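The values are calculated or read from the model by the stated rules, or taken from the named source; none is laboratory data. Because the structure is a prediction, the values reported are computed rather than measured. All Cβ positions, glycine included, derive from the backbone under ideal geometry; neighbour counts span all protein chains shown.
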2 protein chains.
Amino acid sequence: MLEFLNKHIPDMTSEWINKTYTSGNGVYAQPKDSEAYDQLRHMNKQFILALNNCIFGKETSLQEWSTSIASDRTRTATPLYDIIVNFSIFRSIYYSYIEKFIEGNSKEVSGNEVINWVRIISRKFDDTNS
Amino acid sequence: MLEFLNKHIPDMTSEWINKTYTSGNGVYAQPKDSEAYDQLRHMNKQFILALNNCIFGKETSLQEWSTSIASDRTRTATPLYDIIVNFSIFRSIYYSYIEKFIEGNSKEVSGNEVINWVRIISRKFDDTNS
């Protein structure tokens, strides 16, 4: 699973970049070929990598990542609402890749495993949002 | 599962009410024995009931619920951020009951089923938030 999710980081990032929401101000309102978006792509990839590791119990703190997001949000005057919506969009993409993994896996994945992953993911997202 | 989740609606609501976050303004800042909180309890129960039905494909729209939340938020001047945080807190409680169901169930629940539930829940929460 870790291998599967790591392999698909570029796909997840592309999907997310294609779907980002903007209310008109801040970093998400920039053109998608701007330096601002290159930075978003980079940070999203770092985030997924850290998240993937979290699920597998290698305690990777998202604290550093979280702090850099917060300062970037302030610098670019991005509304908090936009950030939260884009987090939700990304979370939905992330779950879709977990679903792909489960469907493509020859070994049956148990419901117990999945709800454990989901609770970790959910907690990590909430920590990062606040 | 529907039966299990419906049975635990009062527990989920109590847990959530005990954990609500407030930045100091709006409905969540009211005393927990106030009429405002009675209303929150009532709305949360309605929401869980609708959400439980959604997971089982009986197409229950959360639209009506969502509209009443929006107008209540305006009336009580509750910050959007507080609402979103309290949604996250509730989502985490909801997942914990799904976990309880899976653990207490004699019939094995598959990973496929669980990720399907999670994707529906996630979508419903996002629809309601926006």
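Can you find even one residue in segment B:91-99 that is away from chain A (no Cβ under 14 Å) and either touching a Ser or Thr at 6+ places or on another chain (Cβ under 8 Å) or aliphatic (A, V, I, L, M) (or both)? No. Residues in segment B:87-110 that are at pLDDT below 90 and surrounded by 16 or more Cβ atoms within 10 Å (Cβ to Cβ): B:PHE87, B:SER88.
In summary, helices (runs of 4 or more DSSP H) completely within segment B:11-130 and bearing 3 or more residues that are more than 25 Å from A:ILE120 (Cβ to Cβ) and without any contact (Cβ under 8 Å) to a residue 12 or more places away in the chain occur at B:35-55, B:63-76. Of all residues in segment A:53-73, at least one satisfies being away from every other protein chain (no Cβ under 14 Å), touching a Ser or Thr at 6+ places or on another chain (Cβ under 8 Å) and modelled with pLDDT of 85 or more. Just one of the numbered conditions (1) of a type outside the set (S, T, N, Q); (2) at negative phi; (3) loosely packed, with under 14 Cβ neighbours inside 10 Å is not true of B:PRO79: (3). Would you mind stating whether B:ASP126 is among the acidic types (Asp, Glu), within 12 Å of chain A (Cβ to nearest Cβ) and surrounded by 13 or more Cβ atoms within 10 Å (Cβ to Cβ)? Yes; evaluated as a whole, the condition is true for this residue.
A:ARG41 meets all of the listed conditions (1) away from chain B (no Cβ under 13 Å); (2) out of contact with any Phe, Trp or Tyr (no Cβ under 8 Å at 6 or more places or on another chain); (3) modelled with pLDDT under 85 but one, namely (3). Please determine whether any residue of segment B:44-51 is more than 18 Å from A:ILE84 (Cβ to Cβ) and exposed (fewer than 12 other Cβ atoms within 10 Å of the Cβ). No, every residue in segment B:44-51 fails to be more than 18 Å from A:ILE84 (Cβ to Cβ) and exposed (fewer than 12 other Cβ atoms within 10 Å of the Cβ). Determine whether B:PHE56 is out of contact with any Lys or Arg (no Cβ under 7 Å at 6 or more places or on another chain) and surrounded by fewer than 18 Cβ atoms within 10 Å (Cβ to Cβ). Against the criterion (out of contact with any Lys or Arg (no Cβ under 7 Å at 6 or more places or on another chain) and surrounded by fewer than 18 Cβ atoms within 10 Å (Cβ to Cβ)), B:PHE56 qualifies.
Filter segment B:111-130 down to the residues that are polar (S, T, N, Q) and at pLDDT 90 or above, then identify the one that is farthest from A:GLY111 (Cα to Cα). Steps first, answer last, please.
Within segment B:111-130, the subset polar (S, T, N, Q) is B:112, B:116, B:122, B:128-130.
From the residues that got through so far, the ones that are at pLDDT 90 or above too are B:112, B:116.
Details: B:ASN112: 7, B:ASN116: 11 Å.
Once the filter is applied, the top-ranked residue is B:ASN116.
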